[in-house]
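Novice: This structure is in structure tokens; I'll ask about it shortly.
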Amino acid sequence: MFPHLLRAAGQWLLLFPVRVLLILVGALVVPLALPLARPSGPAVLFTQAPGDWQLVTLPDWAWLWSNDRDGALGDKRGWWHLNAPFGLGAYHWFSKLWWLALRNPANNMRFAPLLGCPVTECDYRYWGDENVEDRPGEGGRRFLLATHKQTGRRYYGFYGVWQWSATRAVVVQIGFKGEPKDWAEDYTGDLSRQWAGMTFEINLFKDIS
């Protein structure tokens, strides 16, 4: 396991600044690209809110900072429509900017082989707890390695949750977000769901209530 920990540390140290740089660049790209955003496909009703959702994406040159699953209007449930800043709703330009540049920055980077793990194309193994959640009584530690079946490329991820009160926990999640349960999913209807992106989260006081 120790050699894998060293490789993981090297991978994270290399990719973390790349991720940060892309997120910062997005603060410039998204405002420039939003006026050129284009809707595609039919509009459908939000599942949990009044109003319509439609996939709205940035132009091709800004693809990395777009969101091919949720688009600029947020999730299909309508949660973002109800919770966008200042009660503006999902359709306002500022809400789209916030969603793409701040809440889900450079979201499409997870579809890039360097920065995203395609679950169906990889085998996996893990050390520690199979199920780790940031919910009361469901903490634990897991170090996971996914290996691409053809290229041998490795994707490392660590997830640790240490609960220290009834509603708070220390949460550390670094690297690729793949979980063992992801390999039990059926992605035939939507292969884009298989991609596990990267994250770097260290929260000493996370609310898990």
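Novice: Given a cut-off of 28 Å, name the pairs among Lys181/Lys206; Lys149/Lys206; Lys76/Lys149 whose C-alpha atoms lie farther apart than that in the structure shown. Each step should come with its number before you reach the end.
Specialist: Details: Lys181/Lys206 23 Å; Lys149/Lys206 36 Å; Lys76/Lys149 33 Å.
With Cα atoms farther than 28 Å apart: Lys149/Lys206; Lys76/Lys149.
Novice: Give me D for the stretch 117-207 in µm² s⁻¹, whole number, from Stokes-Einstein with Rh from the Kirkwood sum over alpha-carbon pairs, 37 °C and 0.692 mPa s. All intermediate terms of the calculation are to be shown ahead of the outcome.
Specialist: Values: Rh = 13.8 Å.
For these conditions, the coefficient is 238 µm²/s.
Novice: To continue, here is another question. Against the longest principal axis of the chain, how steep is helix 2-33, in degrees 0 to 90 to the nearest 10, with axes from Cα atoms?
Specialist: The two axes meet at around 10 degrees.
Novice: Follow-up question, since we're still on this one. Relative to the present Cα-Cα distance, how much length would full extension add between Trp61 and Thr147 at 0.36 nm per residue of separation?
Specialist: Numbers: separation 86, 0.36 × 86 = 30.96 nm, distance 3.04 nm.
Once the chain is fully extended between Trp61 and Thr147, it gains 27.9 nm.
Novice: Give me the tail of P(r) for the stretch 59-118 as a percent: Cα-Cα pairs with distance above 12 Å. Working shown, then result.
Specialist: Numbers: 1145 of 1770 pairs.
Summing the P(r) of the stretch 59-118 above 12 Å gives 65 percent of all pairs.
Novice: Over the chain, what is the relative contact order in percent, taking alpha-carbon pairs closer than 8 angstrom and at least six residues apart?
Specialist: With pairs under 8 Å counted, the relative contact order is 15 percent.
Novice: If I compute Cα Rg over 2.2 N^0.38 Å from the structure I just sent, which labelled value in (1) 1.70; (2) 1.09; (3) 0.91 lines up?
Specialist: Correct label, based on the coordinates given: (2).
Novice: Sticking with this one: For the stretch 13-111, what are Rg and Dmax over the alpha carbons, in angstrom?
Specialist: 13.3, 44
Novice: Return the sequence-ordered ³J(HN,Hα) values of the stretch 188-199 in whole Hz as given by the Karplus equation 6.51 cos²θ - 1.76 cosθ + 1.60 applied to θ = phi - 60°, using x for Gly and Pro.
Specialist: Along the stretch 188-199, the couplings run 4, x, 7, 5, 5, 5, 6, 6, 9, x, 9, 8 Hz.
Novice: What FRET efficiency, computed as 1/(1 + (r/R0)^6) with R0 = 30 Å and r the Cβ-Cβ distance, is obtained for Leu45 and Asp186, rounded to the nearest 0.05? Intermediate results must be reported in sequence, preceding the final value.
Specialist: Numbers: r = 25 Å, r/R0 = 0.85.
FRET efficiency, Leu45 to Asp186: 0.75.
Novice: Something else about it: So what's the gap between the Cα centers of the stretch 41-77 and the stretch 133-206, to the nearest angstrom?
Specialist: 25
A short reminder: the numbers here are calculations on the coordinates, not readings from a lab. Every value quoted in this text rests on a predicted model; they were computed, and no experiment measured them. Cβ: placed from backbone, ideal geometry, glycine included. Neighbour counts: every protein chain shown.
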